[in-house]
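Structure, as structure tokens:
Read the figures in this text as sums done on the coordinates, not as results from a lab. All figures in this text were calculated on a predicted structure; none of them were measured in a lab. Reconstructed Cβ throughout: ideal geometry from the backbone, glycine too, with neighbour counts over all protein chains shown.
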Amino acid sequence: MAALKAFLGFYTSPMDTASRILRKYGNAVSITLPFFGKKPLPDAFIFFGAENNRQVYAKWDDLRMTALWPISAKPDTVQQRIRHNYMCLSGRTHRDIANQIEAPLNRGQIKKLSVEMYAIMKPVIDKAFTEDTFDLVKFHKDLSIQCIFNLLFGEPDAERALRIGHMVDELNLSNYVKANRILKLDIPGLPFHDLLRQAEAVKEELTRWIGEVEGLPANTNLRTSVLNMTDSDGQAFSFDFTIGCLGSMVWAAIDTPSLGSLWTTVHLSRHPEIAEKLRDELKAAGFSEKTSTEELNKLPYLNGVVLEGLRLSPPGAFIPLKSVRDTVIGSVKIPANTAIYLCPRETQRDPAIYPDPEVFRPERWAGIQSPDAYEFIAFSGGVRRCPGASFATIYMKMVIAMLVERGGLELLTRGPIPVRSAPAMEPLKPVMARPSASGHFC
Ligand code: HEM
């Protein structure tokens, strides 16, 4: 019964359920569902804490990510054909592909982008400050779509970027509508029907979009990297696999940085004194005249604010994995095809590593530019570490610095913000804000 409760809890209230399981059962937990299991084998393992993370990262070749878009459908549907992508592979095949998309995201490349990033963000942020009230979730999503499509995917047309970005985001969200797991009927009016049509529309749009970069060198941007991806023998992938990779790459690139920035903005509104301290740092450094990556990385308090936002509110509160063969993690035997969850949010609230873990305290990062690989896993780790981590960190530093410098925001949504895991932690409802009359965060 406890297993069933935990299982259902992950759907209804994922973060509370994870905390409860950790408090009650410890830091390595197996869940067996007697109602559904034919054999007495666990259906899932949940690992908490730095030491377990280390053990899991040591076994990456035995693991893969679960499909980003979990709703299976009939084999002839577009949804089924594009929902798998290279992130669901493991071992050498996965690494070979990961290497092929690395170039547009490497540190040297990212360094050159920050001044351009400032120029793209400025009009979008200025416009928000002319609004009476606005939804902070939509603001951050629109900002990341316009900025990231331009800088990483080579799409400077903001209207087009917004259209494609929102189409992919909506398809992603439909993949986390609970009814779609059980009621798989292609009947107008049902969410599953909408999901199938969204997948078709996304494929059509992405097919046009990727076709436009044909002939360009593979490392021009992420769109060209995906178009030119090959398997370990140099063979091109099926077109559906390529479109699946592009769709999931678009989602990974826009959703997590926007949610990371959203949650950090919310923390600043709840801690105006921290926003003021950050503003002092930006003023002293002459931030608006110095927006290069080097200058941003010289600001320790800004670094602390961004790391603290990602520590307390990592966009991916869970990292969902699957064993591809029988394996052993620590002393735990894990059969092939078993779900395994890592929990960045709980790891990053471990009081043994982070004293007063619930407190938003950027000062705890003083002198630390890069956190420990097992104690801080917001970007995952090992060979599966997020390839967009350097870009995302600069992106978040820029957004937060610009919002603080531009004038404060007043958060109108008070109290706890309910979330869903889709698979990033996304507010269930709009989070309303307005430019603060005092010019300070509140
Ligand atoms: C704050 C922002 C971000 C966070 C918190 C984040 C977090 C993560 C996490 C937890 C994973 C899972 C890795 C695994 O265990 O397999 C991941 C994978 C990935 N992320 Fe990010 N990410 C962010 C931004 C980005 C950006 C800007 C991109 C740009 C393209 C990106 C692209 C990817 C890709 C392609 C993967 C799959 C990697 C693989 O399977 O080898 N991410 N990210």
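Overview of values
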read-out: Violating pairs (Cα-Cα greater than 24 angstrom) within the set 178/429; 178/333; 59/111; value: 178/333; 59/111
read-out: Pairwise centroid distance, computed over Cα atoms, of segment 140-201 with segment 265-310, Å; value: 32
read-out: Ratio of the Cα radius of gyration of segment 85-234 to 2.2 N^0.38 Å, where N counts its residues; value: 1.23
read-out: Low-density loop positions, trypsin sites (Lys or Arg not before Pro), segment 127-197 - DSSP coil, at most 12 other Cβ in 10 Å; value: 178
read-out: Cα gyration tensor shape of segment 146-288, rounded if a/c is under 1.5, else prolate or oblate by comparing a/b with b/c; value: oblate
read-out: GluC sites (Glu not before Pro) restricted to segment 290-392 and DSSP loop, no more than 12 other C-beta within 10 Å; value: 358
read-out: Choice from 247, 408, 330 showing the highest fluctuation, given a GNM over the chain with Cα pairs closer than 10 Å; value: 330
read-out: In order through segment 79-92: 3J(HN,Hα) via Karplus (6.51 cos²θ - 1.76 cosθ + 1.60), integer Hz, x for Gly, Pro; value: 3, 5, 7, 9, 7, 9, 8, 5, 5, 8, 9, 9, x, 5
read-out: Label-point separation, residue 77 to residue 182 (7 Å along Cα→Cβ), nm; value: 1.7
read-out: Candidates 26, 388, 234: whichever shows maximal mean-square fluctuation once the chain is modelled as a Gaussian network with Cα springs under 10 Å; value: 234
read-out: Candidate aspartates and glutamates - alpha carbon under 14 Å from residue 322, same-chain residues fewer than 8 apart omitted; value: 43, 61, 62
read-out: Overall form of segment 198-245 per C-alpha gyration tensor (a/c, 1.5; a/b vs b/c); value: oblate
read-out: Rounded to 5, the percent of DSSP beta bridges in segment 2-435 classed as antiparallel; value: 85
read-out: Loop-resident sites, segment 151-229, for GluC sites (Glu not before Pro), counting at most 14 other Cβ within 10 Å (DSSP); value: 212, 214
